[in-house]
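Okay, structure first, notes after.
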Amino acid sequence: METIKPHEAIEMMRKLTSINVPFSFEFESYNKTKDTSEGHKVVAKAFLRQGLRNNQSDRAKYLIGYSHFQTGEPRFFHIALLKKFNNYKIEP
């Protein structure tokens with residue numbers, strides 16, 4: 001499996017989203033507010049969405065907004081916890 005850096009994966013996600021092509025990815029969940037994790041998450045189809053502004057959260061540049069393709073549910077993942085994107089493994 002080929003590897004890429006997190007920022008490269010985000011750039012590719014943006015390009016796919018801009019042409020309405022869903023992508024898959026995997027990440028480790030973590031809620032800093034509650035200091036909890038729901039473990040490893042697999043998202044089969046998603047699009048990126050607008051994230052948080054810097055004045056909304058001190059973690060705005062690390063939290064990536066996405067929407068589930070089928071449900072449209074808005075969610076976030078932490079860029080440092082991204083593990084896979086489509087057929088790429090993410091370098092730590």
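The values are calculated or read from the model by the stated rules, or taken from the named source; none is laboratory data. The structure presented is a predicted model; accordingly, all values stated were derived computationally and were not measured. Here the Cβ is made from the backbone with ideal geometry for all residues, glycine too, and neighbour counts use every protein chain on show.
Here is how the numbers come out for the structure above:
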read-out: Test: residue in segment 36-44 that is in contact with a Lys or Arg (Cβ under 7 Å, 6 or more places away or on another chain), farther than 14 Å from ASN86 by Cβ and not polar (S, T, N, Q); value: no
read-out: Options GLU2, GLU11: the member that is of a type in the set (Asp, Glu), touching a residue at least 24 places away in the same chain (Cβ under 8 Å) and over 13 Å from HIS78 (Cα atoms); value: GLU2
read-out: Within segment 60-88, tally of residues that are of a type outside the set (Lys, Arg), without any contact (Cβ under 8 Å) to a residue 40 or more places away in the chain and loosely packed, with under 12 Cβ neighbours inside 10 Å; value: 5
read-out: Residue match in segment 46-61 (condition: on the phi > 0 side of the Ramachandran plot and either acidic (Asp, Glu) or modelled with pLDDT of 95 or more (or both)); value: no
read-out: When residues of segment 60-90 are limited to those that are outside any strand (DSSP E or B) and of a type in the set (Gly, Ala, Ser), the one farthest from SER37 (Cα to Cα); value: GLY72
read-out: Test: LEU16 is at pLDDT 95 or above and among the hydrophobic types (A, V, I, L, M, F, W, C); value: yes
